[in-house]
Every structure is written in C-alpha cells, then in structure tokens.
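Q: The structure follows.
The values are calculated or read from the model by the stated rules, or taken from the named source; none is laboratory data. As the structure is a prediction and not an experimental result, all values here were calculated from the model. Ideal geometry is used to build each Cβ from the backbone, glycine not excepted, and the neighbour counts take in all protein chains shown.
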Amino acid sequence: MIVVLTGGTGGAKFVDGVRQVVPEEDLTIIVNTADDLEWWGLYVSPDVDSITYVLSGLLSEERGWGVKGETFFCQQTMKKLGQPVWFNMGDRDLGLHLCRTKLMHEGKTLTEATAEISEQLGIRARILPMSNSHIETRVDTPIGELSFQEYFVQRWYQDPVNAVYFAGIEQASPGPAVIDCIMSATTILLAPSNPITSIAPILSVPGVRAALRNTNATIAAVSPIIGNAAVSGPAGILMESKGLPVSIAGVATCYRDFLDVLVVDDADRAAADELQQSGLRVECTATVMKRIADRINLARVTLAAAGAGSQPASGGI
C-alpha cells in the first residue's frame with residue numbers, strides 16, 4: 001500500500017501523477033482538514049474536495065481547484081442578496097458540499113461522508129481525512145488573527161505573519177485507519193504541499209508523527225521550494241514565520257525525524273549535494289508540474305527514490 005500525505009493544489013497535482021503510475025486501489029490519501037470551513041451553512045473541506053475531484057476526473061485543470069465546466073449562478077445570487085462571496089463556490093461544487101453537509105447532519109463523520117461520496121463518484125483509492133475532530137489553522141497577523149482561508153483567499157496572503165498555530169490540535173485524534181495505514185504502508189509519500197499549513201497539520205495530529213517515525217515504510221517527500229522561493233503560494237512566507245530557511249534545507253528540517261529521502265528540483269543540485277553531506281538522501285528531478293507528463297515523471301521519480309516500482313494504471317500513460 002502506498003500512502004500519500006497531501007494538501008493544497010500542488011498536492012492534488014502530485015496525487016494525479018501517482019494515480020497514473022500505480023493502481024489506484026493501492027493508494028491511500030491522508031488529507032489535511034485544518035483548512036476546512038463553514039460557508040453559507042455548508043461544511044467545506046477544500047483539500048479533501050481537490051483530491052476527490054482529481055481522482056474522479058472532475059477537477060478543473062484551468063483553475064487547479066473546483067469542478068471543470070463550472071458555473072457560478074448561485075454565487076451571483078448570493079452576492080445580490082448581500083451575502084459574502086470572497087470564497088468562490090461554483091454550482092457543481094455546491095452540490096458536493098450540500099451532500100456532505102446532509103450526510104454529516106444525519107450523523108456521519110467526515111471520514112464516513114468522504115467514503116460515501118468517493119463510492120458514488122467511482123473513486124477506487126481511499127481518501128482519509130486526517131481527523132474527524134475540529135482543527136483550524138489560525139494565522140496571527142498585524143491586523144489580527146485570521147483563519148487560513150481569510151489569510152489565503154480573502155486577503156491573498158499579503159499580510160505579514162507573526163505566527164501560525166492549529167486550534168484544537170491538542171484535543172484531536174487521528175481519523176479512523178489513519179495510524180493503521182501509516183504503520184502498514186510499504187511506501188509513504190509527502191506531496192509537494194505547503195510544509196506549514198498543508199502537511200504540518202497532519203503531522204501535528206496526536207500519534208501521526210510518532211507513527212511516521214515507527215513505520216517500516218520508506219518515506220519520501222517532494223520539496224515545494226525551489227531555490228529560495230515557493231513554487232506557488234505562501235509556503236516561503238510561512239516557513240520564515242517559523243524561523244526556517246526558505247530552501248530545501250528548510251523543508252528537510254520540517255520532516256527530518258522520519259524522512260528517508262527528499263526529492264528536489266534540478267535547479268537545487270548544488271544545495272542537494274550539501275544537504276546529502278548531513279546524511280539525508282536527496283534525489284534531483286524536474287518538480288514543476290505544468291503538464292500531465294510532468295506529474296507522471298515526478299511521481300515515478302519519487303516512487304523510485306522510495307524503492308517502490310510503478311506500473312501504468314488503467315488508462316495511464
């Protein structure tokens with residue numbers, strides 16, 4: 001079994017590559033839920049949704065989030081009615097959130113609702129929310145404390161960051177099967193997601209980091225940093241807020257206690273040679289995923305670095 005820890009659009013692209021080179025039924029995707037929010041009275045789980053859409057073939061390639069062929073008539077109506085619309089929600093996307101909220105109002109957990117939706121969409125991989133507990137990424141800025149979506153979507157991550165923390169994490173518990181899947185995996189991959197707000201929430205759920213240290217699986221991570229900048233988004237800004245260098249060395253520091261190999265971009269070969277002198281194995285390849293072929297190549301290199309073979313999945317390249 002191959003387990004992927006993921007969050008954000010970069011993570012969804014990476015999962016898309018992995019699913020095309022290994023059988024989808026061999027994949028378990030553990031997904032960040034600290035970005036979740038209530039919007040218009042609906043439970044929205046952006047990272048779970050992105051993985052759900054990419055695995056069902058519904059993801060909008062143009063935007064990197066939401067559903068392809070989307071319309072926004074409901075959002076236009078909500079705006080006319082004086083409701084907030086800074087968080088984009090399309091009409092097709094709205095259907096998934098309505099379904100999830102209905103299932104959860106009927107007593108199902110987020111994990112159970114995710115499994116039911118996945119089955120209805122014909123998804124063969126297993127999608128596991130990191131926790132059914134309420135956990136929220138909070139960003140402390142000079143204008144006050146913001147939710148991650150307020151910081152990232154509403155304000156376009158323009159505010160200086162004093163600190164980041166995960167509200168509710170101490171009382172949280174991992175989702176059912178999360179620890180068992182980590183312990184029984186043969187290979188574990190950390191997607192090129194934001195280390196601070198996409199991967200760190202998963203690692204911070206009590207028991208998860210210890211499981212990664214104790215598993216027999218080989219663990220490989222892909223760096224979302226090239227040179228001294230993030231490929232996209234605020235990862236660099238948020239790493240600096242934690243006192244980490246914005247570099248592959250900073251990424252390695254985030255995962256050092258359990259990581260076997262770090263996959264970095266070819267542009268970082270010199271830095272990779274230096275990092276390897278500290279004892280961490282580093283592999284270089286092209287990590288920017290502009291095309292589907294880039295995703296597949298990165299998935300294959302990462303799996304090979306972790307000692308896992310790959311084979312074309314049904315319909316793969």
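Q: What do you reckon, is Leu5 modelled with pLDDT under 95, touching a Ser or Thr at 6+ places or on another chain (Cβ under 9 Å) and either surrounded by fewer than 19 Cβ atoms within 10 Å (Cβ to Cβ) or not small (Gly, Ala, Ser) (or both)?
A: Criteria not met by Leu5.
Q: If you scan segment 146-155, which residues turn out to be within 13 Å of Asn88 (Cβ to Cβ) and not aliphatic (A, V, I, L, M)?
A: Hits for segment 146-155 are Gln149, Phe152, Gln154.
Q: Among the residues that make up segment 114-123, is at least one of them surrounded by 15 or more Cβ atoms within 10 Å (Cβ to Cβ) and of a type in the set (D, E, K, R)?
A: The answer is no, given that none of the residues of segment 114-123 is surrounded by 15 or more Cβ atoms within 10 Å (Cβ to Cβ) and of a type in the set (D, E, K, R).
Q: Output the number of the condition that Val282 fails; it satisfies all remaining conditions of (1) modelled with pLDDT of 95 or more; (2) under 18 Å from the mean Cα position of the chain (by Cα).
A: (2)
Q: Only one of (1) touching a Phe, Trp or Tyr at 6+ places or on another chain (Cβ under 7 Å); (2) in a strand (DSSP E or B) fails for Arg213. Which number is that?
A: Status for Arg213: all satisfied but (2).
Per-residue answers, yes or no, for (1) surrounded by fewer than 21 Cβ atoms within 10 Å (Cβ to Cβ); (2) without any contact (Cβ under 8 Å) to a residue 60 or more places away in the chain:
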{"position": "Leu190", "(1), (2)": "no, no"}
{"position": "Asn194", "(1), (2)": "no, no"}
{"position": "Val205", "(1), (2)": "no, no"}
{"position": "Leu212", "(1), (2)": "no, yes"}
{"position": "Thr215", "(1), (2)": "yes, yes"}
{"position": "Ile219", "(1), (2)": "no, no"}
{"position": "Met239", "(1), (2)": "no, yes"}
{"position": "Leu244", "(1), (2)": "yes, yes"}
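Q: So, one more: Might you check whether a residue that is over 16 Å from the mean Cα position of the chain (by Cα) and closer than 27 Å to Asp273 by Cα occurs anywhere in segment 168-176?
A: No: zero hits.
Q: In addition: If you go through segment 203-258, how many residues are of a type in the set (Val, Ile, Thr) and under 24 Å from Pro129 (Cα atoms)?
A: 7
Q: Can you list residue pairs whose Cβ atoms sit under 7 Å apart, with the first residue in segment 15-27 being assigned to a helix (DSSP H, G or I) and the second being charged (D, E, K, R)? Count only pairs 6 or more apart in sequence or on different chains.
A: From segment 15-27, the pairs are Asp16/Arg295; Gly17/Arg295; Glu24/Arg124; Glu25/Arg124.
Q: Also, quick follow-up: Counting just the residues of segment 36-58 that are buried (at least 18 other Cβ atoms within 10 Å of the Cβ) and part of a loop (DSSP other than H, G, I, E, B), which one comes out modelled with the lowest pLDDT?
A: That would be Leu58.
Q: For a quick check of your reading of the model, give me the residue pairs whose first member lies in segment 146-163 and is on the phi > 0 side of the Ramachandran plot, whose second is of a type in the set (Phe, Trp, Tyr), with beta-carbon atoms closer than 8 Å and at least 6 apart or on different chains.
A: Between residues of segment 146-163 that are on the phi > 0 side of the Ramachandran plot and residues that are of a type in the set (Phe, Trp, Tyr), the close pairs are Tyr157/Tyr151.
Q: State all residues of segment 276-305 that are in a loop (DSSP other than H, G, I, E, B) and in contact with an Asp or Glu (Cβ under 7 Å, 6 or more places away or on another chain); if no residue qualifies, say none.
A: Ala286, Thr287, Val288
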